[in-house]
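Everything on this sheet refers to the single structure shown next.
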Amino acid sequence: MPEWLLTSEQYEPVKDKDTFINKSILSMIGLIARIKAQDSRGRDLFGVNPVVAVFMTFLLVVLISLVRYFSFVLIVITFLILILCLMPAGDIIKVLRVSFVVTVFTFIILLPAAFFGNHLSLTLIPAKVFASVTAVNILAHVYRWNRLIAALRVFRVPNLLIFVLDITLKYIVMLGEFSLEMLYALKLRSVGKNTEKYASLSGIAGTMFLKSRVMAEELHESMVCRGFTGTYKTAAAWRFSFADAVYILMNAGILAVYIYISRG
Amino acid sequence: MHIPDNYLSPATCVVMAAAAVPVVAVSIKKVREEISQAKMPLLGIGAAFSFLTMMFNVPLPGGTTGHAVGGTLIAILLGPYSACISVAVALIIQALLFGDGGILALGANIFNMAIVLPFAGYFIYKLIRDRFGSGKGEIVGAAVGSYVGLNAAALLTAVEFGLQPLLFQTAAGQPLYCPYPLSVSIPAMMIPHLLVAGVVEAVFTVFIYSFIKRVSPGMIYEGKTTRTKAIYGLLAALICLTPLGLLAAGTAWGEWGADEINTVLSGGTMLGFVPQGMQNGFNFNAILPDYAITGLPEIAGYIISAVLGVAILIIAFKILAAFKKNKANV
């Protein structure tokens, strides 16, 4: 047996700072997890068609921004809270967390206005912000993104835009997984002090860019091969359900209240 | 029975809060230990029931109004500790959002309606049920328990009101806060509650209890079917019925605003003055004062308030349940 195999060795790698790799890995995983979690979403908002939901949310946001009466905003908030209370707890927390952060932020920004005597906007504007952010967030948390994209098609959003949105979502996941692997590789190969990590990181970014070009070309070719002409057709037939009717009725009620309040 | 601000002296409020806080703390601890994560949202539904029940004002003899509380019902369904938490949260929402019950008086209100009421009601229910067995004993126990519970709370409220003029006076001998002594407040509170509000509470309790027992027994007994849809349906029906609470004209005894109290009749004489402590006392502006929305008819405001209150209570307890799960996992 050779001599060097018998001598005991003590190798302790020099401490190295790799927080930034860990952080990039975590944020990458978080992003991919968020998109993938969508696949587990089974039901739409109690069976309300996404087309109806997108349109009504849009209407709601417009009404909220137009109105000057606090009571109307309050009614909209009541409606949204009613929808929220029927959602699973996890989604409620996610939606409300964003809404509250944004509302508090708006409130702080508006504080100077209160010192100049404008007390009305101090309550009205944060309430409006809360209502619109909650409305949009409910939509984003209940529906799968591909369902929402499909709904956009009904509103005559150009094909190109939908194409870009659709591909972007898919490729965020694919490229994300790809770069995640490279980050793992970098982490594993950096034993001891590795001063060239920053250079490798830019290498990862560069590789990702090149890879995305190759993938895009392959995708385009394969889509053309399969007969894609650039137009999106929604396959599902329009089915008007009971939930749609209830949802539309409730929104119609809100619209009626808006008209009633604006008159009086 | 919601004591508004400035009816009780700050000292009384502090004493009542000091009495309420430990009981609520023990209840939270008990609920954490005993109620499973899956059952936590039921507390929210219980709180929602109580919230709605309190919106049904019934006219009482003497030109005032009163309402049931439903605390005994929750205590029977989920246990007295859960009832304490549920009613307390409902009271907090009422005080903060709807200006029903004072902020400073919150401790007193919680003590009367969220502690004395469900605990008294539950133990009487238990006593009767154990004596007469389940079945009829349950129904009778629920009726008697809720009746006694509500009246115990009303009596306590009356005593708190009645002690004010004895304890807190100006140099000239005028009462600083609630102007009515025990000899006025106890009969004024107790007669209507014994005659009407207590009966309403008992009817409410028995009706909802037997409905839940028939439709969704899982809420009462472990391992039976729970039909949340039926429960939500009942809540929705109650919300639609809340405007009935508006039929009762007049303000509940002891809930007058500072502008009203001057002209309140008691024993045929008008009060004729506004107590000093009320004139320049603590004032809190709720978002939806008296369950009304400016610019909308009273009924619409009432229904929207009911929806908002119920939804907020359900969300609050759903979130609490979610946090409980996170803690258990760590």
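The values are calculated or read from the model by the stated rules, or taken from the named source; none is laboratory data. Please read these numbers as outputs of a predicted model, since none were measured by experiment. Positions of Cβ are backbone-derived with ideal geometry, glycine not excepted, and every protein chain shown enters the neighbour counts. Calculation scope for accessible area: heavy atoms of the full protein, side chains included, ligands and nucleic acids excluded. Shrake-Rupley method; radii C 1.70, N 1.55, O 1.52, S 1.80 Å.
Within the stretch A:87-100, is there a residue that is β-branched (Val, Ile, Thr) and away from chain B (no Cβ under 11 Å)? The answer is yes; a qualifying residue exists.
Residue count for the stretch A:155-176, restricted to those that are outside any loop (DSSP other than H, G, I, E, B), open to solvent by less than 70 Å² (accessible area, probe 1.4 Å) and not hydroxyl-bearing (Ser, Thr, Tyr): 10.
When you scan the stretch A:129-138, do you find a residue that is open to solvent by 40 Å² or more (accessible area, probe 1.4 Å), modelled with pLDDT of 85 or more and out of contact with any Lys or Arg (no Cβ under 6 Å at 6 or more places or on another chain), even just one? Within the stretch A:129-138 (the criterion being open to solvent by 40 Å² or more (accessible area, probe 1.4 Å), modelled with pLDDT of 85 or more and out of contact with any Lys or Arg (no Cβ under 6 Å at 6 or more places or on another chain)), the answer is yes, since at least one residue qualifies.
Contact map, the stretch A:1-20: residues that are more than 16 Å from residue A:188 (Cα to Cα) paired with residues that are surrounded by 10 or more Cβ atoms within 10 Å (Cβ to Cβ), Cβ distance under 9 Å, separation 6+ or inter-chain. Pairs shown: A:11/A:192. For residue A:97, the criteria (1) crowded, with 17+ Cβ neighbours inside 10 Å; (2) part of a helix (DSSP H, G or I) hold in every case but one, which is (1). Put simply, of B:209, B:180 the only residue that is open to solvent by less than 20 Å² (accessible area, probe 1.4 Å), part of a loop (DSSP other than H, G, I, E, B) and in contact (Cβ under 8 Å) with a residue 12 or more places away in the chain is B:180. Restricting to the stretch A:201-223, give me the number of residues that are at pLDDT 80 or above, open to solvent by 40 Å² or more (accessible area, probe 1.4 Å) and within 25 Å of residue A:18 (Cβ to Cβ). Qualifying residue count, the stretch A:201-223: 7. For residue A:198, the criteria (1) under 28 Å from residue A:60 (Cβ atoms); (2) outside any loop (DSSP other than H, G, I, E, B); (3) open to solvent by 60 Å² or more (accessible area, probe 1.4 Å) hold in every case but one, which is (1).
Criterion first (more than 14 Å from chain B (Cβ to nearest Cβ), within 22 Å of residue A:168 (Cα to Cα) and out of contact with any helix residue (DSSP H, G or I) (no Cβ under 7 Å at 6 or more places or on another chain)) does residue A:230 satisfy it? So residue A:230 fails the test. Do we have residue B:161 as touching a helix residue (DSSP H, G or I) at 6+ places or on another chain (Cβ under 6 Å) and part of a helix (DSSP H, G or I) here? Judged against the criteria, residue B:161 is a match. Screening B:93, B:74 for residues that are open to solvent by 10 Å² or more (accessible area, probe 1.4 Å) and either out of contact with any helix residue (DSSP H, G or I) (no Cβ under 8 Å at 6 or more places or on another chain) or within 23 Å of residue B:32 (Cα to Cα) (or both) leaves exactly one candidate, B:93. Is it true that residue A:149 is surrounded by 18 or more Cβ atoms within 10 Å (Cβ to Cβ), modelled with pLDDT under 90 and farther than 30 Å from residue A:228 by Cβ? In short, no. Just one of the listed residues (B:303, B:319) is more than 9 Å from chain A (Cβ to nearest Cβ), more than 15 Å from residue B:93 (Cα to Cα) and either modelled with pLDDT of 80 or more or surrounded by 24 or more Cβ atoms within 10 Å (Cβ to Cβ) (or both), namely B:303. Note on the stretch A:183-195: residues that are open to solvent by 40 Å² or more (accessible area, probe 1.4 Å) and of a type outside the set (S, T, N, Q) total 6. If you go through the stretch B:89-132 and pick out every residue that is under 20 Å from residue B:148 (Cβ atoms) and not aliphatic (A, V, I, L, M), you end up with 14.
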